[in-house]
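What follows draws every value from the coordinates through simple rules; no lab data is involved. These numbers were taken from a predicted model, which means no experiment stands behind them. Cβ sites come from the backbone with ideal geometry, for glycine too, and all protein chains shown count toward neighbours.
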Amino acid sequence: MNLKYVILYVESPRDTISFYCKAFDLKPGIITEDGDYGEVKTGLTTLSFSSLKLMENLGKSPSRADASRPCFEIAFETDDVAGGLAKALAAGADLVQDVKEEAWGQTTSYVKDMNGFLIEICSPVTAPA
């Protein structure tokens with residue numbers, strides 16, 4: 001099996017897709033005509049967004065994300081963490097953690113999106129010296 005989709009439940013898939021494209025240099029994928037579902041292209045696995053309203057109409061009881069109490073995070077890897085962080089903040093992300101050099105040989109920073117999802121902007125892991 002292959003991981004194909006990660007679907008996040010959000011208020012507005014269209015607004016969320018617009019943010020992710022601006023903040024993380026992603027390209028939009030499909031979006032339904034009514035705007036209740038859409039995707040951004042991230043490689044082999046698709047990052048998708050479904051509206052809270054759609055999920056409720058399907059009989060689900062979705063909860064809202066809370067970056068102060070996350071149960072997961074989304075991570076985008078880059079060779080320029082500081083530049084990636086600046087771009088995300090300029091697109092409207094909220095700062096959670098500034099750029100930090102980690103003991104395990106990685107540079108990290110964290111933001112949250114307008115839905116409350118925690119997002120890591122990080123470098124590839126390199127072996128510590």
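List the lysines whose Cα lies under 22 Å from the Cα of residue 22, skipping any in the same chain that are fewer than 8 positions away.
Those lysines meeting the cut-off are 41, 87, 112.
So if we plug the beta-carbon distance of residue 125 and residue 61 into 1/(1 + (r/R0)^6) with R0 = 35 Å, what FRET efficiency do we get, rounded to 0.05?
Values: r = 37 Å, r/R0 = 1.05.
The computed FRET efficiency comes out at 0.45.
Which entry in (i) -0.40, -1.28; (ii) -0.23, -1.53; (iii) -0.27, -1.36 is this structure's computed log10 I(q)/I(0) by the Debye sum over Cα atoms at q = 0.09, 0.22 Å⁻¹?
For log10 I(q)/I(0) by the Debye sum over Cα atoms at q = 0.09, 0.22 Å⁻¹, the calculated option is (iii).
Could you give each residue of the range 82-88 its phi-based ³J(HN,Hα) in whole Hz, using Karplus coefficients 6.51, -1.76, 1.60 with θ = phi - 60°, and x for Gly or Pro?
4, x, x, 5, 4, 5, 4
GluC sites (Glu not before Pro), restricted to the range 31-107: which are DSSP loop and have at most 16 other Cβ atoms within 10 Å?
Qualifying residues, ordered by number: 33, 73, 102.
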